[in-house]
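**Student:** Take a look at the following structure, please.
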Amino acid sequence: FIPPPPTPPASPPPPIYGCRDPDSMSYLSAATVHDAQACEYAYPGCTDSSAVNYRSYFNEDDGSCKVRVLGCMAHRALNFVSAANTNSACVFAVPGCTDSGAIGYRAATNVDDGSCVAKVLGCTVANVGINFDSLANVNDGSCIYRVEGCTDSDAYNYNPGATVPDAPSTCIARPLQRRQLAQEAGGEQQGRRLAVAGCTINQASNYDSLAGSDDGSCTFSISGCTNSAAGGYNTFADVEDGSCIVPGCMTSNASNFYSLASNDDGSYLLSVSGCALPAAANYDSAAEIDDGSCVLFGCTNSNATNFDSSATDDNGA
């Protein structure tokens, strides 16, 4: 008798892969081999994508969703909304003059600070403006500048551009025409000289030393302002005397300082203060002096991963 061969042992059951972590949402008690990648854990939070505190990695709603409320979240803004949790456009105060017809007006100003000054037109250039108006604060170009010269129209060196007579007078009177006979001059040679008519005034630009009689042809150089763009310009002047007047603000720290001005016209304007940081929400492109009022939105929670140390106001993110 030959015994039958022994029965081979039964094959082990195939492995069952799965998450064996009881704390996992995908825990599989029947799993014989732990698969960590199969484990899914609960991340409680707001799962409503329209809520302000929604995060895409939350997979279990915990009832913490907050309704999104749009509004300006900057406390310093004119349109601040205390209930807002999502920042929207803010309107910040820009103090200054809001009267478009006054001195100091700026279009960007939205809060009147009482700095408006009513315009009074007139000649504002003191000392050299004959019609200077001490009450005027806006030069309207009406100044009649003091241009000294000979104002006697009968004089040889009459200056048509002069507005006031010079003192002492520089006028040169026209001499009478001298027509003398050669015989009275004594001698043929002297007679010939006196027979030559011309300008006999040695101050004239066309003085003729050979002329024996004055024929009224003398011409004189006229000193004055020869710059047609300047105040006090004399169209008849042919010699520049440095009397040109360029009105403007001569105060170096003024916003309208004019380096080429020769005479102050009282048009001093204060420099504009405001936020001079282009990245700020309330940036003022006209600001020349930063007053520390800049508003920078960002996360102000130092425990948050997106904390922004430069932020001055929280944006709810």
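**Student:** Could you pull out the residue among Ala42, Ala84, Ala89 that is under 23 Å from Asn315 (Cα atoms), among the aliphatic types (A, V, I, L, M) and open to solvent by less than 50 Å² (accessible area, probe 1.4 Å)?
**Tutor:** None of the others qualify; the one that does is Ala84.
**Student:** Would you check which residues across the stretch 137-153 are open to solvent by less than 80 Å² (accessible area, probe 1.4 Å) and either part of a strand (DSSP E or B) or without any contact (Cβ under 8 Å) to a residue 40 or more places away in the chain (or both) and list them?
**Tutor:** Val138, Asn139, Asp140, Gly141, Ser142, Tyr145, Gly149, Cys150, Thr151, Asp152, Ser153
**Student:** Within the stretch 97-131, which residues are part of a strand (DSSP E or B) and either without any contact (Cβ under 8 Å) to a residue 12 or more places away in the chain or on the phi > 0 side of the Ramachandran plot (or both)?
**Tutor:** Of everything in the stretch 97-131, those that are part of a strand (DSSP E or B) and either without any contact (Cβ under 8 Å) to a residue 12 or more places away in the chain or on the phi > 0 side of the Ramachandran plot (or both) turn out to be Tyr105, Gly122.
**Student:** Restricted to the stretch 278-300, and to residues that are open to solvent by 80 Å² or more (accessible area, probe 1.4 Å), assigned to a loop (DSSP other than H, G, I, E, B) and not aromatic (Phe, Trp, Tyr), which residue is farthest from Ala74 (Cα to Cα)?
**Tutor:** Checking each candidate, the answer is Glu288.
Here's the yes/no breakdown for (1) modelled with pLDDT of 80 or more; (2) out of contact with any helix residue (DSSP H, G or I) (no Cβ under 9 Å at 6 or more places or on another chain); (3) under 30 Å from Ser293 (Cα atoms); (4) of a type outside the set (S, T, N, Q):
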site	(1), (2), (3), (4)
Asn234	yes, yes, no, no
Asp241	yes, yes, no, yes
Pro247	yes, yes, no, yes
Ser252	no, yes, yes, no
Asn256	no, yes, yes, no
Ala261	yes, yes, no, yes
Asp265	yes, yes, no, yes
Leu269	no, yes, yes, yes
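**Student:** For the stretch 114-128, name all the residues that are surrounded by 18 or more Cβ atoms within 10 Å (Cβ to Cβ) and more than 30 Å from the chain's Cα centre (by Cα).
**Tutor:** Val128
**Student:** Has the stretch 249-257 got at least one residue that is closer than 27 Å to Ala155 by Cα and assigned to a loop (DSSP other than H, G, I, E, B)?
**Tutor:** The answer is no, given that none of the residues of the stretch 249-257 is closer than 27 Å to Ala155 by Cα and assigned to a loop (DSSP other than H, G, I, E, B).
**Student:** Okay, moving on. List pairs: first in the stretch 1-20 and aliphatic (A, V, I, L, M), second not in a loop (DSSP other than H, G, I, E, B), Cβ under 8 Å, 6+ apart or cross-chain?
**Tutor:** Pairs that qualify, where the first residue is aliphatic (A, V, I, L, M) and the partner is not in a loop (DSSP other than H, G, I, E, B), are Ile16/Val33.
One line per residue, one yes/no per condition, for (1) within 23 Å of Pro165 (Cβ to Cβ); (2) modelled with pLDDT of 50 or more; (3) open to solvent by less than 30 Å² (accessible area, probe 1.4 Å):
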{"residue": "Gln180", "(1), (2), (3)": "no, no, no"}
{"residue": "Gly186", "(1), (2), (3)": "no, no, no"}
{"residue": "Ala195", "(1), (2), (3)": "no, yes, no"}
{"residue": "Ser205", "(1), (2), (3)": "yes, yes, no"}
{"residue": "Asp214", "(1), (2), (3)": "no, yes, yes"}
{"residue": "Ser223", "(1), (2), (3)": "yes, yes, no"}
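**Student:** Every residue in the stretch 1-39 that is open to solvent by less than 100 Å² (accessible area, probe 1.4 Å), of a type in the set (S, T, N, Q) and over 27 Å from Gly63 (Cα atoms), please.
**Tutor:** Ser29, Thr32, listed by residue number.
**Student:** Just to be sure, is Tyr156 among the aromatic types (Phe, Trp, Tyr) and either open to solvent by 60 Å² or more (accessible area, probe 1.4 Å) or under 24 Å from the mean Cα position of the chain (by Cα) (or both)?
**Tutor:** Answer is no for this residue.
**Student:** A further question follows. Exactly one of these conditions fails for Gly224: (1) touching a residue at least 40 places away in the same chain (Cβ under 8 Å); (2) among the small types (Gly, Ala, Ser); (3) assigned to a loop (DSSP other than H, G, I, E, B); (4) under 30 Å from Asn206 (Cβ atoms). Give me its number.
**Tutor:** Result: Gly224 passes all but (3).
The values are calculated or read from the model by the stated rules, or taken from the named source; none is laboratory data. A quick note: this is a predicted structure, and the numbers were derived from the prediction, not measured. No Cβ is skipped: glycine too gets one built from the backbone with ideal geometry, and neighbour counts run over all protein chains shown. The protein model used for the area step is the full one, side chains on, heavy atoms only, and it has no ligands, DNA or RNA in it. Shrake-Rupley method; radii C 1.70, N 1.55, O 1.52, S 1.80 Å.
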